[in-house]
Amino acid sequence: GQQLNQSPQSMFIQEGEDVSMNCTSSSIFNTWLWYKQDPGEGPVLLIALYKAGELTSNGRLTAQFGITRKDSFLNISASIPSDVGIYFCAGTGANSKLTFGKGITLSVRP
Amino acid sequence: EAQVTQNPRYLITVTGKKLTVTCSQNMNHEYMSWYRQDPGLGLRQIYYSMNVEVTDKGDVPEGYKVSRKEKRNFPLILESPSPNQTSLYFCASSLWGRTDTQYFGPGTRLTVL
């Protein structure tokens, strides 16, 4: 079945630093999504990507849909303490089923 | 306010005691889904529904049941809960054909002793 790979499981950065997260798949995806989950809350959609090569920004967040359609990355610039949380990549493939990665837990040191 | 609500938010129960977790959305969404979240495993889909009276299994349906008698509600039923169903559960909804942009509920933390 479709699988998305996110690593590492945890990342620790200093406030003000930029951070990049990658998500890869063994199969082609038609849509790439990035969600953030705050502690005690459900995931919230950050960015949705629909075309290979597409680069989309949402404030300090930038995400790209890889040219091969098998990967995507999310960049967070000038991190702040409220950026802490779990970041999930997700995607839909040929069967339109939404598949999630295992998530990366981001910690930001003040 | 557009939202997905779940009840209860927290539940501690014992093995074998039937329970239901309710999910309701006020966005007139056709598609609804249940996920469980476990450490290191991310979100895994349990069941989904494309519309009223249409439900199908996700990746981990064993031990769960669902029903979709009304468009807004999609309850998750555990007929005989077991400790391996201790998890954080999320309900989600979206417009038909837009499963790529699902709205999630706040989660239900279930502990089965």
Residue match in the stretch B:73-89 (condition: part of a loop (DSSP other than H, G, I, E, B) and free of Cβ contacts under 8 Å to residues at least 24 places away in the same chain): no
Tally of residues being within 14 Å of another protein chain (Cβ to nearest Cβ) and within 18 Å of B:LEU113 (Cβ to Cβ) across the stretch B:19-37: 2
Some residue of the stretch B:15-27 being within 14 Å of the chain's Cα centre (by Cα), modelled with pLDDT of 95 or more and among the small types (Gly, Ala, Ser): yes
Close pairs from the stretch A:39-62: first at positive phi, partner part of a loop (DSSP other than H, G, I, E, B) and loosely packed, with under 12 Cβ neighbours inside 10 Å, Cβ under 6 Å, at least 6 apart: A:GLY53/A:ILE67
Residue within the stretch A:44-58 that is more than 13 Å from every other protein chain (Cβ to nearest Cβ), under 11 Å from the mean Cα position of the chain (by Cα), surrounded by fewer than 13 Cβ atoms within 10 Å (Cβ to Cβ) and more than 23 Å from B:TYR47 (Cα to Cα) present: no
Among (1) part of a loop (DSSP other than H, G, I, E, B); (2) touching a strand residue (DSSP E or B) at 6+ places or on another chain (Cβ under 6 Å) - the single one A:GLU41 does not satisfy: (2)
Residue within the stretch A:18-29 that is among the aromatic types (Phe, Trp, Tyr), away from chain B (no Cβ under 11 Å) and over 15 Å from A:LEU74 (Cα atoms) present: no
Residue match in the stretch B:62-69 (condition: of a type in the set (Ser, Thr, Tyr), within 13 Å of chain A (Cβ to nearest Cβ), under 11 Å from the mean Cα position of the chain (by Cα) and surrounded by 12 or more Cβ atoms within 10 Å (Cβ to Cβ)): no
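Which one of B:GLY40, B:GLY16 is out of contact with any helix residue (DSSP H, G or I) (no Cβ under 6 Å at 6 or more places or on another chain), within 14 Å of chain A (Cβ to nearest Cβ) and over 17 Å from A:LYS97 (Cα atoms)?
Numbers: B:GLY16 fails: within 14 Å of chain A (Cβ to nearest Cβ).
Checking each option against the conditions leaves just B:GLY40.
For the stretch B:26-41, which positions are part of a loop (DSSP other than H, G, I, E, B) and touching a residue at least 24 places away in the same chain (Cβ under 8 Å)?
In the first step, residues of the stretch B:26-41 are kept if they are part of a loop (DSSP other than H, G, I, E, B); the result is B:26-30, B:39-41.
If the condition is that a residue be part of a loop (DSSP other than H, G, I, E, B) and touching a residue at least 24 places away in the same chain (Cβ under 8 Å), then B:ASN26, B:MET27, B:ASN28, B:HIS29, B:GLU30 are the ones that fit.
Please determine, by comparing only the residues of the stretch A:69-103 that are at the interface with chain B (Cβ under 10 Å from one of its Cβ atoms) and among the hydrophobic types (A, V, I, L, M, F, W, C), which one is farthest from B:ARG44 (Cα to Cα).
Start the filter on the stretch A:69-103 by keeping residues that are at the interface with chain B (Cβ under 10 Å from one of its Cβ atoms), which leaves A:86, A:88-92, A:96-103.
Okay, now just the ones that are also among the hydrophobic types (A, V, I, L, M, F, W, C), so A:86, A:88-90, A:98, A:100.
Details: A:ILE86: 15, A:PHE88: 12, A:CYS89: 13, A:ALA90: 11, A:LEU98: 10, A:PHE100: 7 Å.
It comes out as A:ILE86.
So, in the stretch B:70-113, of the ones that are among the hydrophobic types (A, V, I, L, M, F, W, C) and more than 14 Å from chain A (Cβ to nearest Cβ), which residue ends up surrounded by the fewest Cβ atoms within 10 Å (Cβ to Cβ)? Break it down into steps so the answer makes sense when it comes.
Of the stretch B:70-113, the ones among the hydrophobic types (A, V, I, L, M, F, W, C) are B:74, B:76-78, B:88, B:90-92, B:95-96, B:104, B:110, B:112-113.
Restricting the remaining residues to those that are more than 14 Å from chain A (Cβ to nearest Cβ) gives B:74, B:76-78, B:110, B:112-113.
Details: B:PHE74: 29, B:LEU76: 22, B:ILE77: 13, B:LEU78: 21, B:LEU110: 21, B:VAL112: 20, B:LEU113: 10.
So, considering only residues that are among the hydrophobic types (A, V, I, L, M, F, W, C) and more than 14 Å from chain A (Cβ to nearest Cβ), the one surrounded by the fewest Cβ atoms within 10 Å (Cβ to Cβ) is B:LEU113.
The values are calculated or read from the model by the stated rules, or taken from the named source; none is laboratory data. No experiment lies behind these values; they were computed from the predicted model shown. Neighbour counts are summed over all protein chains in view; Cβ atoms, including those assigned to glycine, are modelled from backbone coordinates with ideal geometry.
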